[in-house]
Amino acid sequence: MQTLEISIINLVVGLMLVFIPAAILYHYKTGLTKALFISTTRMVVQLFLVGIYLKYLFEWDNLWVNIIWLLTMIAVCSMDLLKRIKISAKVLFLPVYAVILFSVTVILIYFLKGVLNLENMFESRYFIPICGIMLGNVLSSNVIGLNAFYDRIVRDQQFYNFLLCNGATIEEATRPFIREALIKSFNPTIANMAVTGLIALPGILTGQIIGGSAPDVAIRYQIMIMVIIVSTSMIALLLNLTWSSRFTLDSLGRFCKNSGNCFAEKK
């Protein structure tokens, strides 16, 4: 089965749909209309550039090129994550980078070697798209979770200090905040998994079917993609929550705001 091609003209026609949410945002004076157009433009440009360099990455199918690509993408992901949670990259970049690299590598090896049983787990056709999916979801889940963790500690500082003053260790005092961060971060994902197939058909599934894959094959891939997304994101978030506190809290459990500026002030 051959996939119908979307021409540039048809793509422009399709992009005109963006004017519908833009008009709604403008009507209610949300201030997000400009941001929507900028984000849409960036998405289009970035995806066209991705299409160009992925073409060459697939043609080269080189072990070292693929590894360098992964390490670079993890660096970009780490920087963007720290930027969004407003924590100094000078202090947390290396820990966050190590956490994401570890989480992605463990699940990636398990999936590509244990599940797909690939002879060459660095084959570009599988390695690069799977890494991209994992990193995108690690970023979104960790932004939500880490923001929830630090915002709640700052907001409920009296409760946090109460726990510390009553003999709780830093690990015990931060446990309720870690619990809430995990709930906030993964509630939407778990809810989405529960209705996948019944209400929602994910983009990977529909993309594979439109691309010509048999529905049963596409479904198996979708199941595994959802599982590795949750697993990678959960490992990365838990490690980031527990490890980042070692760098953002001193030995008494206080934010080291005046020690290397490792924790930016919350507005």
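The values are calculated or read from the model by the stated rules, or taken from the named source; none is laboratory data. The structure displayed is predicted, hence computed values, not measured ones. Every residue, glycine as well, gets a Cβ built from its backbone with ideal geometry; the counts of neighbours run over all protein chains shown. Keep in mind that these areas ignore ligands, DNA and RNA; they rest on the heavy atoms of the full protein, side chains included. Shrake-Rupley method; radii C 1.70, N 1.55, O 1.52, S 1.80 Å.
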* What is the percent of Cα-Cα separations in the stretch 153-254 that go past 20 Å? -> 54 percent
* Say a site is exposed when it is one of the GluC sites (Glu not before Pro), sits in a DSSP loop, and has at most 12 other Cβ atoms within 10 Å; what is then the longest site-free stretch of the chain? -> 120-264
* Would you kindly give the portion of the calculated P(r) for the stretch 99-209 that falls above 25 Å, as a percent of all Cα pairs? => 44 percent
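Can you give the calculated 222 nm mean residue ellipticity of the chain, where each DSSP H run of n ≥ 4 adds -39,500 (n - 2.57) and the sum is split over every residue, rounded to the nearest 500 deg cm²/dmol?
The helix-only estimate for the chain comes to -25500 deg cm²/dmol at 222 nm.
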* Asked: If you compute Cα extents along the principal axes in Å for the structure shown, which of (1) 91, 55, 23; (2) 67, 54, 37; (3) 53, 46, 37 do you land on?
  -> (2)
* Asked: In degrees between 0 and 90, to the nearest 10, how far off the longest principal axis of the chain does helix 170-195 point, with axes built from Cα atoms?
  -> 20 degrees
* Got a sec? What order do Ser233, Ser7 fall in by accessible area at 1.4 Å, biggest, i.e. largest, first? -> Ser7, Ser233
* Which angle from 0 to 90°, rounded to the nearest 10, does the C-alpha axis of helix 215-248 make with the longest principal axis of the chain? -> 20 degrees
* **Cα-based Rg and Dmax for the stretch 1-134, where Dmax is the largest Cα-Cα distance (Å)** => 19.1, 55
* Normalised contact order of the chain, rounded percent, pairs of Cα under 8 Å and 6 or more residues apart -> 25 percent
* On a 0 to 90 degree scale, rounded to 10, what angle separates helix 124-155 from the longest Cα axis of the chain? -> 30 degrees
* Please identify every one of the trypsin sites (Lys or Arg not before Pro) in the stretch 67-116 that sits in a loop by DSSP and has no more than 15 other beta carbons within 10 Å of its own beta carbon. => Lys86
* Put +1 on the Cβ of every Lys and Arg and -1 on every Asp and Glu Cβ in the stretch 79-171; which of Leu164, Val154, Phe111 then has its Cα farthest towards the positive end of the dipole? -> Val154
* What size of dipole, in debye to the nearest 20, comes out for the chain about its Cα centre when the only charges are +1 on Lys and Arg C-beta atoms and -1 on Asp and Glu C-beta atoms? -> 920 debye
* At what distance in angstrom do the alpha carbon centres of the stretch 38-62 and the stretch 115-161 lie from each other? -> 22 Å
* Computed label-point distance, nm, for sites Lys86 and Val45 using a 7 Å Cα→Cβ extension -> 2.7 nm
* Asked: Could you work out Rg/(2.2 N^0.38 Å) for the stretch 90-136, with Rg from alpha carbons only?
  -> 1.28
* chymotrypsin sites (Phe, Trp or Tyr not before Pro) restricted to DSSP loop in the stretch 2-57 with at most 15 other C-beta within 10 Å -> Tyr28
* Asked: Considering only protein heavy atoms, what is the solvent-accessible area of Cys165 at a probe of 1.4 Å, reported in Å² to the nearest 10?
  -> 120 Å²
